[in-house]
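A.B. asks: Before we start, here is the structure in question, set down as structure tokens.
Every number in this text was worked out from the coordinates using simple rules, so none of it is lab data. Just so you know, these numbers come straight off a predicted model, no measurement behind them. Here the Cβ positions follow ideal geometry from the backbone for every residue, glycine too, while neighbour counts run over all protein chains shown.
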Amino acid sequence: MTEVKAYGAQDKEADLKEMTIERRDTLPTDVKIKITYCGVCHSDIHTVRSDWGPSMYPVVPGHEIVGEVIEVGDEVSKFKKGDLVGVGCLVDSCQECSSCESDLEQFCLNGATWTYNSKDKHTDGHTFGGYSQEVVVDQNFVLNIPKNLDTKAVAPLLCAGITTFSPLHHWGVKEGMKVGVVGLGGLGHMGLKFSHAMGAETVMITTSEGKAEDARRLGADDVLISKDKDAMKAHKGSFDFILNTVPVSHDINPYLELLAIDGTMCMVGAIEPLPDVHGGNLISGRKSVAGSLIGGIKETQEMLDFCGEHNIVSDIEMIDMSSINEAYERVQNNDVKYRFVIDMESLS
Ligand code: NAP
Ligand code: ZN
């Protein structure tokens with residue numbers, strides 16, 4: 001075991017504070033990574049606050065990890081010391097079930113191991129995330145980072161990137177389609193960039209009038225203010241696909257009305273009960289509501305390679321580790337453009 005510095009919360013009301021955690025010794029198929037940057041996802045906050053049921057404390061969040069390989073196990077073939085690598089939301093899965101065999105480790109039938117707040121088969125405890133100096137991960141869950149991209153701004157791709165790329169890819173977004181992205185935050189801004197790069201006519205659907213200019217800069221062809229009833233009416237029945245990133249439960253009926261015949265709205269934000277869906281909004285127009293959870297390891301690598309080819313990274317604001325509690329406040333107050341990234345050097 002190696003002791004490393006980390007930042008975490010001791011209970012759901014507590015601020016995050018510096019603490020010491022243990023990382024396992026490098027096993028034969030493990031890669032030890034010195035973490036250089038870690039993104040701040042809204043899911044980190046949900047987990048710290050036990051929004052999705054009781055978390056395992058202390059919670060050390062962070063699943064948008066970029067770093068340098070500093071040690072490899074004897075059987076590691078995919079990475080070597082000095083490589084620039086990433087780790088996202090997944091650090092292990094059974095590798096045997098039908099989901100794992102279909103490159104959908106996030107849906108592992110025996111339970112995937114999440115980067116934090118997951119039972120850890122290597123210790124008696126639970127997993128700790130990227131708000132820390134080092135992490136040890138099986139090579140099958142480590143990603144290659146394209147060398148042409150700004151490393152700091154790559155970190156958010158490991159969660160916000162794959163969570164938006166995967167559904168756009170799965171539902172075949174391409175030129176000739178009209179796509180809406182609901183919510184311009186960490187996920188939403190990546191959704192705009194990907195939908196635009198895939199060639200679709202892309203519309204930002206936002207509650208914040210003040211974000212219109214940014215939305216256009218990020219790839220939106222048009223901006224729809226969801227509180228503007230007339231504007232919503234003008235777009236009624238016109239979207240082939242809507243990606244909904246709103247982080248809380250909300251009435252989805254106004255968005256369903258925007259879908260064209262055979263249109264789909266994919267939920268990635270609100271992992272909680274949603275208020276009643278009016279059956280008419282689905283039946284009339286053969287519409288679908290769907291959901292999506294991050295993406296498998298193979299698809300995450302495809303997303304990173306796509307970003308390398310298309311020069312796509314996240315728009316970020318760098319912070320020191322000690323500013324994390326303030327950053328959480330700002331995310332909750334809808335005041336981040338569009339992802340905080342922690343400079344992990346500030347923890348040493
Ligand atoms: P974020 O940066 O806080 O962005 C969320 C955006 O949603 C806000 O910027 C805001 O955009 C809009 N919004 C916020 N509150 C709203 C409300 N009450 N009604 C309508 N719109 C609202 O969050 P994020 O990091 O992008 O994460 C979004 C959600 O996805 C979180 O719940 C997170 O846990 C979840 N998530 C899911 C997955 C997955 O695999 N499915 C992966 C990662 C994260 P406007 O100002 O433009 O309206
Ligand atoms: Zn996340």
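A.B. asks: Using the crude model of +1 on Lys and Arg Cβ and -1 on Asp and Glu Cβ, and no other charge, please compute the dipole size for the chain relative to its Cα centre, in debye to 20. Display every interim value, and only then the final one.
C.D. replies: Numbers: 31 positive and 53 negative charges, 138 e Å.
Magnitude of the dipole: close to 660 debye.
A.B. asks: At what distance in nm do the modelled label points of Asn311 and Leu293 sit from each other, each positioned 7 Å from its Cα along Cα→Cβ?
C.D. replies: 3.7
A.B. asks: Next question, about the same structure. How big is D for the range 1-157, in µm² s⁻¹ as a whole number, if Stokes-Einstein is applied with the Kirkwood radius of its Cα pairs at 20 °C and 1.002 mPa s? Walk me through the numbers before you get to the answer.
C.D. replies: Working: Rh = 15.8 Å.
This corresponds to a translational diffusion coefficient of 136 µm²/s.
A.B. asks: Give the Cα extents of the chain along the principal axes, in whole Å, largest first.
C.D. replies: Largest first, the chain extends 60, 40, 37 Å along its Cα principal axes.
A.B. asks: For the chain, give the share of DSSP beta bridges that are antiparallel, in percent and rounded to the nearest 5; count only bridges with both residues there.
C.D. replies: Details: 33 of 60 bridges.
Here the share of antiparallel DSSP bridges comes out near 55 percent.
A.B. asks: Okay, moving on. Using the Karplus curve 6.51 cos²θ - 1.76 cosθ + 1.60 with θ = phi - 60°, work out ³J(HN,Hα) for each residue of the range 15-22 in order, rounded to whole Hz, and write x for Gly and Pro.
C.D. replies: For the range 15-22, the Karplus curve yields 5, 7, 9, 5, 8, 10, 10, 10 Hz.
A.B. asks: Follow-up question, since we're still on this one. Could you give the dipole magnitude of the range 1-61 about its Cα centre, charging the beta-carbon of Lys and Arg +1 and that of Asp and Glu -1, in debye to the nearest 20? Numbers along the way, then the final one.
C.D. replies: Details: 8 positive and 10 negative charges, 39 e Å.
The calculated dipole for the range 1-61 is roughly 180 debye.
A.B. asks: Follow-up question, since we're still on this one. Which of Lys147/Lys178; Lys178/Lys229; Lys81/Lys193; Lys174/Lys287; Lys80/Lys119 have a Cα-Cα distance over 23 Å? Intermediate values should be presented prior to the final figure.
C.D. replies: Values: Lys147/Lys178 32 Å; Lys178/Lys229 20 Å; Lys81/Lys193 32 Å; Lys174/Lys287 19 Å; Lys80/Lys119 28 Å.
Checking Cα-Cα distances, Lys147/Lys178; Lys81/Lys193; Lys80/Lys119 exceed 23 Å.
A.B. asks: Something else now. So for each of 154-167, 212-225 I average, over its residues, the number of other beta carbons within 10 Å; can you give me the resulting order with the highest mean first? Display every interim value, and only then the final one.
C.D. replies: Working: 154-167: 29.2, 212-225: 18.4.
Going from most to least packed, we get 154-167, 212-225.
A.B. asks: Right, something else. Rounded to the nearest 500 deg cm²/dmol, what is the calculated helix-only ellipticity per residue at 222 nm for the chain, with -39500 (n - 2.57) per DSSP H run of length n ≥ 4?
C.D. replies: Numbers: 11 runs with 83 residues, N = 348.
Roughly -6000 deg cm²/dmol at 222 nm, from the helical runs in the chain.
A.B. asks: Another question, then. Let me spell out the model: positive unit charges on the Cβ of Lys and Arg, negative unit charges on the Cβ of Asp and Glu, origin at the Cα centre of the range 28-98. What dipole size does that give, in debye rounded to 20?
C.D. replies: Details: 6 positive and 11 negative charges, 42 e Å.
Roughly 200 debye, rounded to the nearest 20.
A.B. asks: Let me check I've understood the local charge: for Asp30, count other residues with C-beta under 12 angstrom from its C-beta, Lys and Arg +1, Asp and Glu -1. What total comes out? Mind showing how you got there, number by number?
C.D. replies: Numbers: positive: Arg23, Arg24, Lys32, Lys78; negative: Asp25, Glu71, Asp74, Glu75, Asp92, Glu134, Asp138.
Every neighbour counted, the sum reads -3.
A.B. asks: Report the per residue volume, in Å³, of the convex hull enclosing the C-alpha atoms of the range 32-108. Working shown, then result.
C.D. replies: Numbers: hull volume 10.1 nm³, N = 77.
It comes to 131 Å³ per residue, whole-number rounded.
A.B. asks: Related question: Setting aside same-chain residues fewer than 8 positions from Lys227, which aspartates and glutamates have a Cα under 20 Å from its Cα?
C.D. replies: Here the aspartates and glutamates satisfying the reach criterion relative to Lys227 are Glu209, Glu213, Asp214, Asp251, Glu257, Asp276, Asp335.
A.B. asks: Using the 10 angstrom Cβ neighbour count as an exposure proxy, how do Met1, Met232, Met303 rank, fewest first? Present the calculation step by step, with values, prior to reporting the outcome.
C.D. replies: Working: Met1 9, Met232 17, Met303 26.
Fewest-to-most ranking of Met1, Met232, Met303: Met1, Met232, Met303.
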